[in-house]
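Quick note: the coordinates plus some simple rules give every number you see, no bench work behind them. The shown structure was predicted, so the numbers you read here are calculated from the model rather than taken from an experiment. Here the Cβ positions follow ideal geometry from the backbone for every residue, glycine too, while neighbour counts run over all protein chains shown.
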Amino acid sequence: MSREMICINCPMGCRLTVDDTDKSNIRVQGNTCPRGVTYAVNEITSPKRMVTGSVKVDGGTIPMVSVKTREAIPKGLIFDSLELLKTVTLKAPVHIGDVVVADIGGCGVDFIATKNVEAV
C-alpha cells in the first residue's frame with residue numbers, strides 16, 4: 001500500500017511517499033535527509049507523539065502547571081494519559097523537570113513539569 005505523508009522532523013516538511021506493501025522492506029521517497037526515512041518507518045510501524053497538558057497545583061502561586069511527556073509515547077496511550085492527568089494534583093512548590101506521573105501506561109516515559117510554581 002502506498003501512503004503520502006509530510007515529515008515533521010525538521011522545518012523542510014518533505015512530502016513523503018511510503019510503500020509499506022512489504023512490511024520488512026518499507027520504501028520511502030521524497031525525503032531530503034535520512035531523518036525522513038526514519039520518521040516514515042516509525043510512523044508506519046509504531047507511531048508516537050509528544051503529549052502536553054496541565055495539572056492542578058495545591059497551595060501554589062498559580063492553580064495549574066503545564067506538563068509534557070519527557071519523550072514521545074505510543075499514540076494508543078494519548079487519551080488514557082490525558083485522562084490520568086485529570087486525577088493529578090501536585091503540592092507546591094513544583095519545579096521544571098519534576099516527575100508528575102512516572103512510567104505512563106507502562107511505556108517507560110514520564111510526564112514532567114515544564115514550569116516552576118512557587119508555594120504561597
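Odds and ends about this structure:
- Whichever residue in region 29-43 is among the β-branched types (V, I, T) and part of a helix (DSSP H, G or I) and, among such residues, is surrounded by the most Cβ atoms within 10 Å (Cβ to Cβ): V37
- Selected residue (criterion: nearest to the chain's Cα centre (by Cα)) from residues of region 65-99 that are farther than 22 Å from T45 by Cβ, among the hydrophobic types (A, V, I, L, M, F, W, C) and assigned to a helix (DSSP H, G or I): L82
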